Amino acid sequence: MMMIRTGLRTAMAASIGQLKLNRLVLSLLASLLVAAAVPGARAATTTIKDLGYVNTWVQTPSQRNIANCPSDCWIHLATLDVPCESFGPSACTFYIHVTSEVQLSAGDAGRFRFKLDDGLNNNQILRPTAPDGTVTWLAGDPDSPARYATSFAVVGTADADLYNPNHTIEILIGCGDTDGSGSCAVTAFFSSVEVRVYTTF
Amino acid sequence: MTVPTFTSSAARVKLRVLTVALIATMWSFAVPRADAAGTHHHRSSMRTRNTTSKKSCTGTNCSALAPIVPALKVVCPFHATDTSCTYVVHLSSQAQVSALDAGFFRFIVDTVPLTGGGADPNGYVTWINNDPDSGTVTWDARSYEVSFTITDTAENASHTIEVDYGCTDTDANGSCSTMSGFTTLVVDVIYDDI
């Protein structure tokens, strides 16, 4: 009887184990399918080819400063409302390039954050960034209080809409207390933001 | 004065079509077009990487290098005036290199190192060298741009643009290592038409 119970238990455990394995495999497959199908999924490498240039938008923000930030702080650097008004293509590609003359507290992290329509639409993706749109431009440098110039470029895509063409591109600058000193500070003395708009042929 | 009102749905549809046609006409005059005859043409291809890539070597004065993203094949499109295209290659990458070593990018066109155009005669651009702090810096965002003109003998010739990242053991301590984080590579092709 004990052996039967043990055998039954073993069989049940095996079945449950198989069921769990099946579920695991199914959920893994589902995740892979979602990652492949959902436009918001973040592939490791992304390629967009043969885009047609439409126009360029520029902005030169005034000085921004964050002082005595306790951990992670952000300050607005620039906002551009850029139209994607097209009758032919179904999407626009935005090339977003920011250049800043910066100064950062020693040993801390300086970051840009890029936002496209505040991330409200999954079809609008910025690459390459962390999921929250962040890109670290310097981290862990004891000499970072010395002024220098940094820059970074990301690529975003958005649907074309004749009746509601504008897309809001926002760039923030921030710092993080990565050396554990209790605070961080960052200054962007001069900055320049360029947004180039492209469409597919 | 009588203000016209549109009460039937057919009239509303007509009004909407008219409005769209009007906007289309105005837009065609207002927005610079990429492919209008007699103007510069400007096409672009982009490749981004959202992951971290690492390369290292051992041996005194050794060098290591690898493509920063897979090479991009970009066409110099058919056009009437001549067969030359100007390529502008812009790279942005989070970079890191071991202390006191050299971190570099290398630009290669059709398997041949770029000469000039913003790079040295072997296609190299050093973004840092001999910095005692580079080993403790986790990320340092670097951007660089090169440009060159290619004259083809055939229409719609495809050209391969490769950008490598790498390091050299310039302090001769027997090794170097380098990392590349978030990366954006953009290749703009500019050409004229009649």
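All of the numbers you see were taken from the coordinates with simple rules; none came from a lab. These figures come from a predicted structure and were not determined experimentally. In this analysis, Cβ positions are derived from the backbone assuming ideal geometry, glycine residues included, and neighbour counts consider all displayed protein chains.
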>> What distance in nm separates the two pseudo spin-label positions at B:ASN129 and A:ASP72, each 7 Å out from Cα along the beta-carbon direction?
In response: 3.7 nm
>> Need one value for B:136-148: mean number of C-beta atoms belonging to other chains within 10 Å of its residues' C-beta atoms.
In response: 5
>> Per-residue counts of other Cβ atoms within 10 Å, averaged by peptide: what ranking do you get for A:79-85, A:66-72, B:100-106, highest first?
In response: B:100-106, A:79-85, A:66-72
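Where the only charges are on Cβ atoms (+1 Lys, Arg; -1 Asp, Glu), what is the dipole of segment B:38-192 about its Cα centre, to the nearest 20 debye?
Once rounded to the nearest 20, the dipole reads 460 debye.
Order the peptides A:142-155, B:49-62, B:167-180 from the highest to the lowest mean number of other Cβ atoms within 10 Å of their residues. Walk me through the intermediate numbers first.
On the way: A:142-155: 18.4, B:49-62: 14.8, B:167-180: 19.9.
Final packing ranking: B:167-180, A:142-155, B:49-62.
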> If we sort A:55-62, B:121-128 on the protection proxy, mean other Cβ atoms within 10 Å, highest first, what's the order?
Replying inline: B:121-128, A:55-62
> In nanometres, what is the gap between the two model label sites at A:SER192 and A:ALA149, each 7 Å from Cα along Cα-to-Cβ?
Replying inline: 0.7 nm
>> If I model a spin label at A:THR56 and B:ASP120 as a point 7 Å from the Cα along the Cα→Cβ vector, what separation in nanometres do I get?
In response: 3.0 nm
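Can you give the mean number of other chain Cβ atoms that lie within 10 Å of the Cβ atoms in peptide B:124-135? Can you show the working numbers first?
Working: counts 0, 0, 0, 0, 0, 0, 0, 2, 2, 6, 1, 1.
Across the residues of B:124-135, the mean count of other-chain Cβ atoms within 10 Å is 1.
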> Hey, if you put +1 on the Cβ of every Lys and Arg and -1 on every Asp and Glu Cβ in segment A:51-200, which of A:ASN55, A:VAL82, A:GLN103 ends up farthest toward the positive end of that dipole?
Replying inline: A:ASN55
> How well do other chains shield peptide B:91-103, expressed as the mean number of their Cβ atoms within 10 Å of each residue Cβ?
Replying inline: 2
> How about segment B:140-194: which GluC sites (Glu not before Pro) there are in a DSSP loop, with at most 13 other Cβ atoms within 10 Å of their Cβ?
Replying inline: B:GLU155
